[in-house]
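Here is the structure we will look at, set down as structure tokens.
The values are calculated or read from the model by the stated rules, or taken from the named source; none is laboratory data. Here the structure is a predicted model, which is why all the values come from computation and not from measurement. With ideal geometry, Cβ positions are generated from the backbone for all residues, glycine too; neighbour counts draw on all protein chains shown. Only protein heavy atoms, including side chains, enter the accessible area calculation; ligands, DNA and RNA are left aside. Shrake-Rupley method; radii C 1.70, N 1.55, O 1.52, S 1.80 Å.
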Amino acid sequence: MTILERFSQKGRVALVTGGGRGLGFEIAKALAEAGAHVVVTGRMVATLDRAVERIAAAGGSAAAAAFDIADRTAQRAVLAGIEQAHGRLDVLVNNVGARDRRPLSEMDDAAIDELIRTDLSAAASLSRDAAALMKRNGHGRLIAITSIGGHVAMPNDGIYPAAKHGLTGLMRSMAVEYAPHGITSNAIAPGWFATETNAALAADEGLMPFVRQRIPVQRWARADEIAGAALFLASDAASFVNGHVLVVDGGMTVRM
């Protein structure tokens with residue numbers, strides 16, 4: 001097998017949460033281009049349908065599953081559907097993330113709990129149940145999309161990095177627990193990506209001097225620049241990579 005063949009996802013099934021747009025879509029598209037059948041999830045049916053159409057137009061295979069990631073019953077139903085239809089799950093990408101940019105002093109208990117449930121607890125339960133399915137085939141890739149917010153902090157953003165720190169800890173724990181079953185667990189920590197969510201900030205020329213000074217490559221990342229990292233961690237080329245956080249930030253977190 002050549003090194004390029006080790007990146008193939010042919011015959012595999014992947015589940016990408018938040019796969020309808022942004023980084024999740026780019027990851028789903030890359031996995032599909034490499035040969036996987038990809039199930040993209042999210043809450044907006046129309047957004048997911050467009051994502052599936054775009055992947056299919058590029059020659060890939062995809063399906064949509066609309067549900068709230070924090071709904072444990074819906075999580076189990078989606079996994080059961082994948083098992084019934086395909087008999088396997090090879091890759092899980094926990095990509096969904098929510099943010100509430102307010103001082104912690106202004107957030108009530110409900111707001112804190114909701115963020116933790118969406119950004120951390122949902123990934124834990126989905127990973128646990130996905131790993132149970134992966135064990136049956138003795139192979140799997142658990143990938144968490146964390147953030148450089150799990151490495152550095154900014155004002156008025158307390159719970160998001162706390163959840164991302166937790167997600168990193170979860171991934172490392174799973175790396176130890178599931179590796180004997182042929183399942184690796186890794187994370188990707190993106191920096192500043194020009195996605196739909198960040199479109200206004202990315203277009204703000206007044207912010208560019210800060211970007212050029214703070215990010216060594218002196219620009220925002222394109223959304224598709226996440227794809228290579230995800231495909232690598234999902235592939236056989238990363239078969240001995242386990243418990244790692246792959247930072248994709250243009251060097252932002254290493255600059256003094």
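Points to keep in mind about this one:
- Relative contact order of the chain: 20 percent, from C-alpha pairs under 8 Å at least 6 residues apart in sequence.
- Computed from label points 7 Å out along Cα-Cβ, the spacing between Arg99 and Val217 is 1.8 nm.
- At R0 = 25 Å, FRET efficiency that the Cβ-Cβ distance of Glu196 and Asp49 yields, to 0.05: 0.95
- R0 of 51 Å, Cβ-Cβ distance Phe210-Ala77: FRET efficiency to nearest 0.05: 0.70
- Solvent-accessible area per residue in the chain equals 47 Å², computed with a 1.4 angstrom probe and all protein chains kept.
- Spread over its residues, the convex hull of the C-alpha atoms of the range 82-149 is 90 Å³ per residue.
- Residues with amide H under 5 Å from that of Val247, placed H, sequence gap 5 or more: Ala189
- Relative contact order of the range 143-223: 30 percent, from C-alpha pairs under 8 Å at least 6 residues apart in sequence.
- Seen against the Cα atoms of the chain and their longest principal axis, helix 45-57 is set at about 60 degrees.
- Length gained on full extension, Ser125 to Asp157: 9.1 nm, using 0.36 nm per residue less the C-alpha separation.
- The alpha-carbon positions of the range 75-189 define a convex hull whose volume is 85 Å³ per residue.
- Relative contact order for the range 113-254: 28 percent, from Cα pairs under 8 Å spaced at least 6 residues apart, divided by residue count.
- Other-chain or far-sequence residues with amide H under 5 Å of Ala62's (modelled H): Val38
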